[in-house]
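Below is one structure, written out as structure tokens; comments come after it.
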Amino acid sequence: MSGPLLTLAGVHTHIGAYHILHGVDMAVPRGQLTMLLGRNGAGKTTTLRTIMGLWRASAGMVTFDGQDITQFATPQIARLKVAYVPENMGIFADLTVKENMLLAATKASHARDIDGQRLNWIFGLFPAVEKFWDYPAGKLSGGQKQMLAVARAIVEPRELLIVDEPSKGLAPSIINNMIDAFSQLKAGGVTILLVEQNINFAKRLGDHVAVMDNGRVVHRGSMAAFAEDDALQQSLMGLTL
Amino acid sequence: MSNTLTASGPAKPAVDFDWKPLLLVPVLALLVLPVIGSPSTWLTLTVAGLAMGMIIFVIASGLTLVFGLMDVLNFGHGVFIALGAFVATTILGVMPGWTASPELWRNLIAVFAAMLVAMAVAGAVGLAFERVLVRPVYGQHLKQILITMGGMIIGEELIKVIWGPQQIPLMLPEGLRGAVIVGDAAIEKFRLLAVLMGGLVFVALAWVLTRTKIGLLIRAGVENSEMVESLGYRIRRLFVAVFVVGSALAGLGGVMWGLYQQTVIPQMGAQVNILIFIVIIIGGLGSTGGALIGALLVGLMANYTGFLAPKVALFSNIALMVAILLWRPRGIYPVANR
Amino acid sequence: MALLSTTGLTIRFGGHVAVNAVTCQFAPGTLTAIVGPNGAGKTTYFNLISGQLQASSGSVTLDDVDLSNLSASARTRAGLGRAFQLTNLFPNLTVLENVRLAVQASRDGTHRRGLNLWSIWSDHRELTDRAREILNDVAMQDRADSVVANLPHGDQRKLEVAMLMALEASVYMFDEPTAGMSADEVPKVLDLIRKLRKDKRNTVLLVEHKMDVVRELADRIIVLHNGSLVADGDPATVIASPIVQEAYLGMAPGVQTNGVGA
Amino acid sequence: MTLNRLLSNDLPRSKLLTAVLLTLFLLLALAPFIAPGVNALSVAAKALIFIVLVASFDLLLGYTGIVSFAHTMFFGIGAYGVAIACSRWDATWLSLGLGIVTALILSLLLALAIGLFSLRVRAIFFAMITLAIASAFQTLASQLSEITGGEDGLNFRLPDMLASGYMYLEQPIFGVSISGRFLTYYILFFAALAMVLALLRIVNSPFGRVLQAIRENEFRAEAIGYRVVVYRTISSVLSALFATMAGVMLALWLRYNGPDTSLSFEIMLDVLLIVVIGGMGTIYGSVIGAVLFVIAQSYLQDLLKLGSDAASGLPWLAALLSPDRWLLWLGVLFVLSVYYFPTGIVGRLRNRAAKL
């Protein structure tokens, strides 16, 4: 099947009294990496949460693989092999790293049931996960938690990986790890949607780019073209100093 | 970044189990020994206190998980206690041949039958309670308090309609009456059974929580239910299951409480409820281990002060709660993110 | 002479240092923008100043008074006014009541009026008049009797600024005041912030992502990165500095982040 | 204009509500003349007592957003204050006064202690902790029988001027004898009126607005410089003092007090129900709710008995409709009103008026 894996059409989201998304239109092509960029408060995180069903769209439609998932509950969406890493990483601090990983392996009831080959591949990408296997996850540093969060999201094969600001607060060496991991995942056929503020990170990874402002997508295009065009970056993101 | 975890080489889990609260129970027991004076009286009271504590734990464990998992304040938990106890009067009432039998195993079967039926009934009513009363008020604490309180009144009145408003005796079967003599101390047999049952429930709960996937989900859900949903699990379903099991455990606790007191009254739920609240506040909302320690402390305290100064028994438990909260304002074992 | 200063302000969460020994002075009559990538510690730094978080070490002083051990509300009474990133109002009260509550809490000793149990609130004309004056300033006078929960988002943000103005603080702190606003609403809020500076005794601190906003308003920029102060100066200099370009735009390997400016 | 000020500028804001309040006011003011029977007058007196009790609880629940289950404890302290003083000492005004003052001081100290302790713990604990304290207090009251008369309670005499045998006029007026009982009723009436107006003043004062702000958004109230803890504690203390006065009124009317009369948990539930049905955070709701409730309690039980007799063919239905199961229907009503009627009678009437 061709066509985008995920589409949003005219999506509006209200949080309490606040109207956050004002008609988001975007498409996430299969097997590629799409960057969702934009200033703080532009509505990026709300968009991801609406895709995951954590907030309900008040108007518009979200489709996944051709199927309308707008009214799906979060677990239903997750079971379509969509993994989500929230901005706060969603690590279970009182559980061990092993238990965090086991939770994400929906089919495994014990750690030994987790696909060993896949686990070794993850250990290769993120050595800290192996190193601190029996530690309470709350004891990890911020960067280690971020690695665990991504490792947890890919412990089973996924169709779509959604990550909110993977580079946030990370040291440069860890960022390189992340970039490596996402490249390998993409090579394995996974579709990836990342929210980013860090333009350099975005430039090194993205195939496509969507820029949000004021609850709408205001620019769509290829990452290469976007990276070339300083004026465009400046006008859309206000980021260039 | 982290100063403990950056060292190279294989990392070993840090042993940082918080053991201090575990000392509370023996310390309390030993502190009152000189006050009471007679070691045999002390032993009798201590066993009675542990038995009472175990029963309270059985009841409180469900409530604390219900709170932890869905942030639901259930003030109606007490109704399942009374329900279980009244169901037990009916079941034991229709098994006179078994309860009056001199053979212990027949007595035990009667008691276990009463417990199983009480748990089934309390669990089923718990399911209805969750669907009808609790579900519409998820996330609204004020309404939860009011609605579940209303639910308890209705439940208590319905019990009066079915079993009558008066006190009903709940006699122990033949073989469980009387006491075992240890030295100078008389220890009632049923109290030993209660300690045993409470221990079994704790072990079973601890096993489920730490060794199974369901337990892992519950512990994770207590911390961050949204993330559990994002991983593909239906937390609501899990919550309903925990609510039903919690209600069933309250029913079981009600049977044990009724047998411990040897009478049941429709208001018993509301009375025990207060002890339960003290226990889960002491333990830290959402913590099973905390609930166990809290329940044992409350049970011991109630029995010691019941002997030393009966008029202030309930106040002693409030004083205990105040003391613990001054030490740890969020309870003995506060759960992360709560 | 600094009105507000932080000395070695630090907070650790577990092993993570979210704000690392930030020492900085803010003079009266200035508007300082605090910028930096997400997660750099800007909001945490704000929380440490306004008392929503208690620092692990370091101090905050206002007018030579050490605020470090005071609660958030005591710091507000001492003259630190703060608006929040997420709108944070009294949703079921009217616009006028929201502002009047802030006027009543304002610094000239009148916060004690909150303890007045026996007068009729609506009799306190001076509170109402002042509140209406402020609503006029923010062009919301015709909204005075609307219930806040029913207001559009932009108006709620303006009300947030109005409440801050009502506090008559000596330091005003804004955390992304224009977040989530439509383009035509932004200039209105910026005008309000400019108004606050007219009184030269005041200091304004602003956390902001939108560089156009920063350029337009600020007479000084400080840059936080990984919790540390990495640059400080007038907008032109700071924007030109390569270290800031790197820190702000991305973390290419080799960026030195420690010890600069701290 | 003066009426406006008397009501602290907090008018009913609905014609129907105004009419209802006016009717209730006249009914209560003229109760001894309208319904001179002993029972009917007791219903009116009970309504006055509940109006004060519920309005004082509304200050806490409706205005400050605090759920406390210890409100009847303060009610009981007021009633026991009078009962103990008047049964231990002579039935003089002095003993009565001393009893009232002691009760108020005790309530103040207890409310202060609970308020200050609750600083240490999370807000959601408050409801549970007050429940435990109230229950312990009730147990204590029934066990300290040397002081409180235990389960039996205390019968006591009041100064002669309040006795029903004490006649102020030889001839009845409009068929009503002007006795000490008559005087007692009007003491209660004017006390209730004064206290409701005082509560109305408090909730409409600068202080009252801060309470509402705390209920709406505690974090922000703290952030604009209000010390939430101080306001909460003052609100708890005031609410406790008014409840104590309601207890005093109860004792004056009944000349008896026992644990079931003033401390029982059932009264706490009644108070919750009334405040929800009347309309939280309105004070007026307490007035309407209390009168409705007392009338229902006094006469609906008779109605239930009729229903129960009529259903005698169906034993289970008869059991459900038995007057003893009054609380069952109260519970159902309570749950339904929390779901479908959260703003209560006053909220509904005001919304209707606002839409017209």
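The values are calculated or read from the model by the stated rules, or taken from the named source; none is laboratory data. Computed from a prediction, not measured in an experiment: that's the story for all the values here. FYI the Cβ positions are ideal-geometry reconstructions off the backbone, even for glycines, and counts take in every protein chain you see. Side chains included, ligands, DNA and RNA excluded: accessible areas come from the protein's heavy atoms. Shrake-Rupley method; radii C 1.70, N 1.55, O 1.52, S 1.80 Å.
Taking amide H as placed 1.01 Å from N in the peptide plane, the amide H of A:ARG30 sits under 5 Å from that of A:LEU5, each at least 5 places away or on another chain. Computed on the Cα atoms alone, the convex hull of the range C:88-167 gives a volume of 87 cubic angstrom per residue. Buried accessible area for the A:C pair, summed, 1.4 Å probe, in Å² rounded to 100? What A and C bury together is about 2200 Å². Each 20 Å bin from zero holds the following percent of Cα-Cα pairs in the protein assembly as shown: 10, 34, 36, 17, 2, 0. Per the Debye calculation on chain A with a single equal scatterer at every Cα and no solvent contribution, log₁₀ I(q)/I(0) for q = 0.12, 0.14, 0.15 Å⁻¹ amounts to -0.67, -0.91, -1.05. Computed over protein heavy atoms with a 1.4 Å probe, the accessible surface of the protein assembly as shown works out to 38 Å² per residue. Over all pairs of different C-alpha atoms in the range C:53-211, the reciprocal of the mean inverse distance, the Kirkwood hydrodynamic radius, equals 16.5 Å. For the range D:130-213, applying the loop criterion from DSSP together with a ceiling of 10 other beta carbons within 10 Å to the chymotrypsin sites (Phe, Trp or Tyr not before Pro) yields D:PHE174. Taking both sides together, the accessible area buried where A meets B is about 2900 Å² for a 1.4 Å probe. For the chain pair B and D, the interface hides roughly 3700 square angstrom of accessible area in total, found with a 1.4 Å probe. Percent of accessible area on chain C owned by carbon and sulfur, 1.4 Å probe? Carbon and sulfur atoms account for 51 percent of the accessible area of chain C. Taking only alpha carbon atoms, the range A:7-68 gives an Rg to Rh ratio of 0.95, where Rh is the Kirkwood radius. Rounded to the nearest 20 debye, the dipole size of the range B:24-327 about its Cα centre is 360 debye, using +1 on the Cβ of Lys and Arg and -1 on the Cβ of Asp and Glu. The mean of 1/r over all pairs of different alpha-carbon atoms in chain D, once inverted, gives a Kirkwood hydrodynamic radius of 21.4 Å.
Inter-chain neighbour count for B:152-158: the average number of beta-carbon atoms from partner chains within 10 Å of each residue's beta-carbon is 6. Counting Cβ atoms of other protein chains within 10 Å of each residue's Cβ and taking the mean over peptide D:207-219 gives 6. Across the protein chains, with a 1.4 Å probe defining accessible surface, the residues C:THR43, C:THR32 rank C:THR43, C:THR32 from largest area downward.
Given +1 at the Cβ of Lys and Arg, -1 at the Cβ of Asp and Glu and no other charges, the dipole of the range C:88-167 around its Cα centre is 220 debye to the nearest 20. If you wrap the range A:104-175 in the convex hull of its Cα atoms and look at it from every side, the mean projected area works out to 5.2 nm². For chain A, adding -39500 (n - 2.57) for each run of n ≥ 4 DSSP H residues and dividing by the number of residues yields -9500 deg cm²/dmol at 222 nm.
For the peptides D:229-242, D:71-84, residues were scored by their other Cβ atoms within 10 Å and the scores averaged per peptide; the highest-first order is D:71-84, D:229-242. Once both labels are positioned 7 Å from their Cα atoms along Cα-to-Cβ, the gap between D:LEU336 and D:GLU146 label points is 5.1 nm.
Using θ = phi - 60° in the Karplus curve 6.51 cos²θ - 1.76 cosθ + 1.60, the 3J(HN,Hα) couplings for the range D:65-70 round to x, 9, 9, 10, 9, 9 Hz; x is entered for Gly and Pro.
Each 20 Å bin, from zero up to the one with the longest distance, holds this percent of the alpha carbon pairs of chain B: 30, 57, 13, 1. Here the range B:125-172 is described by how far its Cα atoms reach on the three principal axes: 42, 19, 18 Å, from widest to narrowest.
Each Lys and Arg adds +1 at its Cβ and each Asp and Glu adds -1 at its Cβ; summed about the Cα centre, the range B:83-172 shows a dipole of about 200 debye. If you take the Cα centroid of the range C:1-69 and the Cα centroid of the range D:245-300, the two points sit 53 Å apart. Averaging 1/r across all pairs of distinct Cα atoms in the range C:1-127 and inverting the result yields a Kirkwood radius of 16.6 Å. When the GluC sites (Glu not before Pro) in the range D:167-271 are filtered for DSSP coil states and for at most 15 other beta-carbon atoms within 10 Å of their beta-carbon, the remaining sites are D:GLU170. Taking every residue in B:111-119 and counting other chain Cβ atoms within 10 Å of its Cβ, the average works out to 0.
The share of accessible area on the range B:24-327 that comes from carbon and sulfur is 71 percent, using a 1.4 angstrom probe. Take chain A and mark each of the trypsin sites (Lys or Arg not before Pro) that is in a DSSP loop with at most 15 other Cβ atoms within 10 Å; the longest unmarked stretch, sites excluded, is A:108-241. Any idea which of C:VAL95, C:ALA105, C:ALA149 is furthest toward the positive side of the dipole for the range C:88-167, if Lys and Arg beta-carbons carry +1 and Asp and Glu beta-carbons -1? Ranked along the dipole, the leading option is C:ALA105. Given their separation in residues at 0.36 nm each and the Cα-Cα distance between them, D:ASP90 and D:VAL230 gain 46.4 nm when the chain is fully extended. Taking amide H as placed 1.01 Å from N in the peptide plane, A:GLY221 has its amide H under 5 Å from the amide H of A:VAL209, each at least 5 places away in sequence or on another chain.
The order of the peptides B:27-35, B:78-86 by mean Cβ neighbours within 10 Å, most packed first, is B:78-86, B:27-35. DSSP assigns beta bridges within the protein assembly as shown; of those with both partners inside it, close to 60 percent run antiparallel. Normalised by the number of residues in chain B, the average gap of Cα pairs under 8 Å and 6 or more apart makes the relative contact order 34 percent. On a C-alpha basis, how far is the centre of the range B:164-207 from the centre of the range B:262-321 in Å? Whole number, if you could? If we compute the Cα centre of each part, the gap is 17 Å. Taking all protein chains together and a 1.4 Å probe, the residues D:PHE265, B:PHE277, B:PHE112 rank B:PHE112, D:PHE265, B:PHE277 from largest to smallest accessible area. If you model the range B:209-333 as an ellipsoid using its alpha carbon gyration tensor, with each semi-axis the square root of five times an eigenvalue, the axes come out at 31, 19, 11 Å, biggest first. Contact-buried residues of the range C:208-232, at a threshold of 40 Å² lost accessible area versus the chain by itself: C:HIS209, C:LYS210, C:MET211 (1.4 Å probe; DNA, RNA and ligands ignored). Normalising the average separation of contacting C-alpha pairs (under 8 angstrom, six or more residues apart) by the number of residues puts the relative contact order of chain C at 27 percent. With all protein chains in place and ligands, DNA and RNA left out, the 1.4 Å accessible area ranks A:GLU156, B:GLU130 as A:GLU156, B:GLU130, largest first. Return the tail of the calculated pair distribution for the range B:42-159, meaning the percent of Cα-Cα pairs more than 25 Å apart. Here the long-distance tail beyond 25 Å is 37 percent of all Cα pairs in the range B:42-159. Of the whole protein surface, D:TRP89 contributes about 130 Å² of accessible area at a 1.4 Å probe radius. Extent of the range B:79-142 along its three principal axes (Cα atoms, max minus min coordinate, largest first): 53, 16, 16 Å. Using a simple spin-label model with pseudo-atoms 7 Å out from Cα toward Cβ, A:GLN184 and D:ARG157 lie 9.6 nm apart. Both radii were evaluated on the Cα set of the range A:1-108; the Rg over Rh quotient, with Rh as the Kirkwood radius, amounts to 0.99. Structural descriptor for chain D: relative contact order 31 percent, calculated from alpha carbon pairs under 8 angstrom and at least 6 residues apart.
The Kirkwood radius of the range D:221-270, taken over pairs of alpha-carbon atoms, gives through the Stokes-Einstein law at 10 °C and 1.306 mPa s a diffusion coefficient of 121 µm² s⁻¹. Other residues whose C-beta falls under 14 angstrom from the C-beta of D:TRP326 contribute a net charge of -3, scoring Lys and Arg +1 and Asp and Glu -1.
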